[in-house]
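Colleague: For reference, the structure I am asking about is given below.
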Amino acid sequence: MARVIVDVMLKPEILDPQGQAIARALPRLGFSGVQDVRQGKRFEVEIEGEADEAALAEVRKMAETLLANTVIEDFTVHVER
Amino acid sequence: MNAARVGVVTFPGTLDDQDAARAVRLAGAEPVPLWHADHDLKGVDAVFLPGGFSYGDYLRCGAISRFSPLMDELIPAARAGLPVLGTCNGFQILCEAHLLPGALTRNGGLHYICRDQGIRVENADTAWTSDFEAGQEIVLPVKHGEGRYVADTETLAALERDGRVVFRYVGGNPNGSLNDIAGITNEAGNVVGLMPHPEHAVEELTGAPSVDGRGFFTSILKRLVNA
């Protein structure tokens, strides 16, 4: 079994009001020096067998089809060691 | 002659299907309940995708509904010209299904907005807006947390150039939508999506701000009768 991580983020040009709200909250809590925050989603996909190239290609297809809306979001796929 | 038959789709979590069916009936058509898990459009002449929180809005609004068995039938039918109207969650589903370009994202102000909203009809040539005049201002309820329309610069320019922005917010943009967009259509004009709710504005008795929503249903009825 292997665990494949898919990180989904709004594209840089898409406004992220949730990230902005977090960025505004942090200084109030005493965290200084924060320039920007963007919020995304992380999926942990557990697959049968090895995370070989074919398995990763399949996870990329899952991400394109369902996990991310590529009209507004980018995604990255990596294997958790 | 037989009444025109307008399908009203119910997904788990749909809220506005009863109001939609009632609005269809008031306009003189026959509402036909369609179930998300069926591979069956029941031979309807048009389809209304109502609002709500289908599949709990899990993942993204409309992201899971878009893959329901009924949508397997609806997507090719809409591409072939079947008139389809999606309001609110229905609009989100149409975008997720790529029947309409762009996407609906979280409101700019993060708050869920529920209010009576001024809307200008920009395009009165679609299957669902022919009973309006271009430039006419109407009032419909809006109620959503994720209605901020976004699309890339090229898509936005094409929508504006081709008159595919069908509705624009007036008197204040409730959600930060690009270009104040409240609703759009596909190239053929048979598929229309908007965030406001015409099905909640068909009867004075319910405290609706107007009965401007009736125009959507009379438009489609005329289209079907003259077809």
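The values are calculated or read from the model by the stated rules, or taken from the named source; none is laboratory data. Small disclaimer: the values here were computed from a predicted structure and weren't measured. Please note: Cβ atoms are built from the backbone with ideal geometry, for glycine as well, and neighbour counts cover all protein chains shown.
Colleague: Which pairs turn up if I take residues in segment B:79-93 that are part of a loop (DSSP other than H, G, I, E, B) and look for partners that are among the charged types (D, E, K, R) and modelled with pLDDT under 95 with beta carbon separation below 9 Å, at least 6 apart in sequence or on another chain?
Modeller: B:83/B:223
Colleague: Could you grab me the full set of residues in segment B:134-178 that are at positive phi and more than 14 Å from chain A (Cβ to nearest Cβ)?
Modeller: Scanning segment B:134-178 gives B:135, B:163, B:171, B:172.
Colleague: For segment B:189-201, how many residues are more than 13 Å from the chain's Cα centre (by Cα) and either surrounded by fewer than 24 Cβ atoms within 10 Å (Cβ to Cβ) or at positive phi (or both)?
Modeller: 0
Colleague: For residues that are closer than 21 Å to residue A:71 by Cα, surrounded by 15 or more Cβ atoms within 10 Å (Cβ to Cβ) and not charged (D, E, K, R), tally how many sit in segment B:129-162.
Modeller: Within segment B:129-162, residues that are closer than 21 Å to residue A:71 by Cα, surrounded by 15 or more Cβ atoms within 10 Å (Cβ to Cβ) and not charged (D, E, K, R) number 9.
Colleague: If you don't mind, there's one more thing I want to ask. Residue B:175 fails exactly one of the following numbered conditions: (1) out of contact with any strand residue (DSSP E or B) (no Cβ under 9 Å at 6 or more places or on another chain); (2) buried (at least 20 other Cβ atoms within 10 Å of the Cβ); (3) not charged (D, E, K, R). What is the number of that condition?
Modeller: (1)
Colleague: While we're here: For the structure I just gave you, tell me whether residue B:59 is within 14 Å of another protein chain (Cβ to nearest Cβ) and buried (at least 17 other Cβ atoms within 10 Å of the Cβ).
Modeller: Yes; evaluated as a whole, the condition is true for this residue.
Colleague: So how many residues does segment B:65-112 have that are under 13 Å from the mean Cα position of the chain (by Cα) and more than 10 Å from chain A (Cβ to nearest Cβ)?
Modeller: Summing the residues that are under 13 Å from the mean Cα position of the chain (by Cα) and more than 10 Å from chain A (Cβ to nearest Cβ) in segment B:65-112 gives 14.
Colleague: Can you go through B:129, B:185, B:155 and tell me which one is in contact with a Leu (Cβ under 8 Å, 6 or more places away or on another chain) and closer than 26 Å to residue B:97 by Cα?
Modeller: From the options B:129, B:185, B:155, the qualifying one is B:185.
Colleague: In segment A:33-73, how many are under 14 Å from residue B:60 (Cα atoms) and either surrounded by fewer than 10 Cβ atoms within 10 Å (Cβ to Cβ) or charged (D, E, K, R) (or both)?
Modeller: Summing the residues that are under 14 Å from residue B:60 (Cα atoms) and either surrounded by fewer than 10 Cβ atoms within 10 Å (Cβ to Cβ) or charged (D, E, K, R) (or both) in segment A:33-73 gives 4.
Colleague: Out of all the residues in segment B:52-104, which are of a type in the set (Phe, Trp, Tyr) and within 25 Å of residue B:129 (Cα to Cα)?
Modeller: B:91, the sole residue that qualifies.
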